[in-house]
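In what follows, a structure is listed as structure tokens, so that the remarks can point back to it.
The values are calculated or read from the model by the stated rules, or taken from the named source; none is laboratory data. Here the structure is a predicted model, which means the values were calculated and not measured. So basically every Cβ, Gly included, is an ideal-geometry build from the backbone, and we count neighbours across all protein chains shown.
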Amino acid sequence: MRHFPIFLDLRDRLVVVVGGGPIAERKIALVSQSGARIRIVAPALTHALSAARDSGGLEHVAREFEPADVDGARLVIAATSDLTVNRAVAMAADRRGIVVNVVDDLELSTGILPAIVDRSPIIVAVSTGGTAPALARRIRARIETVVDESVGRFAAFAAAWRGRIRAAIPDLSARRRFYDWLVDGPVAGLVRHARMEAASELLAGELARGEAAGGGDPAGSVALVGAGPGDPGLLTLNALRALQGADVVLHDRLVSREVLALARREADLVEVGKSGQGHSVAQAAINELMLEHVRAGRRVVRLKGGDPFVFGRGGEELQFLRAHGVRYEVVPGVTAALACGAYAGIPLTHRDHSGSVRFVTAHCRESLDATDWRGLAAARETLAVYMGVAMLPVLRTELLRHGRAPLTPVAFVENGSRPEQRVLVGTLDDVEALAAREQVGSPALLIVGEVAALAEDLHWFGAAPVVARRLADPDRDAA
């Protein structure tokens, strides 16, 4: 470890920056967040630095650098493009025992300015020893997706309660268990959503309870999370945080392995998917399984493909949890229609072709019997049909019978957003023949409407679409 990590208190301390160009401007913007007194030594300044000087935000010594300029400084930054000047700054600082950072010159520096994630009072600094600053920035970006702004809010909240917690729980082991509950439990969730009053009330109540203060088992919770269609890059930050904090993940059959790999390593992964064919887990059994884990004090993620509130029975599961007094939250996901359309190059609405879009499910005969076919057959409307492959004969027949044109473009998007994605484009009249010939399988979304034909020109992801020119006799429609 050549560079020992340390955090300097620069508040009201002198920081000397030599150089007045764009590089110095960026470094000053970073250091000024610490509350330091900043002195710039440079013959000229950028417009932004001149404005900061004129407003009293920093001191400017308008001349070339002299060694005495660093006297009394806690930190010195050399930010010029002149190697001779940078070397003089480094020597002057080193002789006085002052930490110096020379921008882009590791050998002259005794200190490195790291990539910083600021969630005050939580600060995370990432350094590669000055060898790969671009990599440090990438690592910082990844940390920022996990350590969001609510972490700083929670740290300040916990600090405000520290004295009362210490007084209420004098035993060190018990206090550690309580802090585990505080960090992982419902109080942290309330603070994350900025419900500070509710968090304070809950914490005060738990401190008043001897068993909670002694580190008793906390109540479990459920996060109903949308996993999107398969590409892990489509997960929201809140979904990622929920997965990385889970004790158990109850997931649908079609949730991709790449998404499941983002769950906390110690979490139990349990498939509870429902399927039209083969093994299925009844909804009642899924509900009871959630309740069992919650009563054991576990943090449960109920992970659903797409969005849990779009044909995902999320509302039913929340009604069950509410009836049993279970604490829950909902993390939306990218629903299949949006993702499949985007990854296939099919805009669901388009000024020239479609002014509206309907989401339709066709997973069972009962849902089709209650369908407004006349409305679905209207022109200039896009239909996004979930789970429609098995019901294609009925879909085709009813749409044609209620007036949808036989040559209306259709597109299947199979395994949308995944590496194995396939897009098949045809017409409504030939949709059954297309699906049978290409052996379309689940998961697949059917898009009906003029916009479906745009996949041929606008596709960008995966293999080019398979475009089936009319399979039936083209003279039939003219007859």
Pairing a residue in the stretch 263-280 that is closer than 19 Å to Gly312 by Cβ with any residue that is modelled with pLDDT of 90 or more and among the polar types (S, T, N, Q), where Cβ atoms lie under 9 Å and the two sit 6 or more apart in sequence or on different chains, gives Lys274/Gln283
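Specify which of the listed residues (Gly57, Gly20) is among the small types (Gly, Ala, Ser) and surrounded by 16 or more Cβ atoms within 10 Å (Cβ to Cβ).
Values: Gly57 fails: surrounded by 16 or more Cβ atoms within 10 Å (Cβ to Cβ).
On inspection, the qualifying residue turns out to be Gly20.
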The stretch 321-418: helices (runs of 4 or more DSSP H) wholly inside it with 3 or more residues that are crowded, with 16+ Cβ neighbours inside 10 Å are 336-344, 392-401
Taking the stretch 231-254 and the residues there that are β-branched (Val, Ile, Thr) and at pLDDT 95 or above, the one that is surrounded by the fewest Cβ atoms within 10 Å (Cβ to Cβ) would be Val248
In the stretch 116-161, anything closer than 28 Å to Val187 by Cβ and among the polar types (S, T, N, Q) is listed as Ser120, Thr145, Ser150
Among Val357, Val300, the single one that is within 30 Å of Gly220 (Cα to Cα) and either among the hydrophobic types (A, V, I, L, M, F, W, C) or under 23 Å from the mean Cα position of the chain (by Cα) (or both) is Val300
Among (1) out of contact with any strand residue (DSSP E or B) (no Cβ under 8 Å at 6 or more places or on another chain); (2) of a type outside the set (Ser, Thr, Tyr); (3) modelled with pLDDT under 95, Ala115 falls short only on (1)
Exactly one of Val259, Val248 is over 24 Å from Ser442 (Cα atoms), β-branched (Val, Ile, Thr) and not assigned by TED's automatic domain parsing to the domain that holds Gly416, and that residue is Val248
Taking the stretch 410-437 and keeping only residues that are of a type outside the set (Ser, Thr, Tyr) and on the phi > 0 side of the Ramachandran plot, one is left with Asn415
The correct count of residues that are among the β-branched types (Val, Ile, Thr), over 24 Å from the mean Cα position of the chain (by Cα) and within 16 Å of Ala115 (Cα to Cα) in the stretch 129-186 is 1
Looking across the stretch 36-49 at residues that are within 39 Å of the chain's Cα centre (by Cα) and farther than 19 Å from Asp71 by Cα, the single one that is surrounded by the fewest Cβ atoms within 10 Å (Cβ to Cβ) is His47
**Q.** Condition met for Ala160 (without any contact (Cβ under 8 Å) to a residue 12 or more places away in the chain and either on the phi < 0 side of the Ramachandran plot or in contact with a helix residue (DSSP H, G or I) (Cβ under 7 Å, 6 or more places away or on another chain) (or both))
**A.** yes
Notebook entry, point to check: What do you reckon, is Arg374 under 19 Å from Val451 (Cβ atoms) and not assigned by TED's automatic domain parsing to the domain that holds Asn238?
Noted result: no
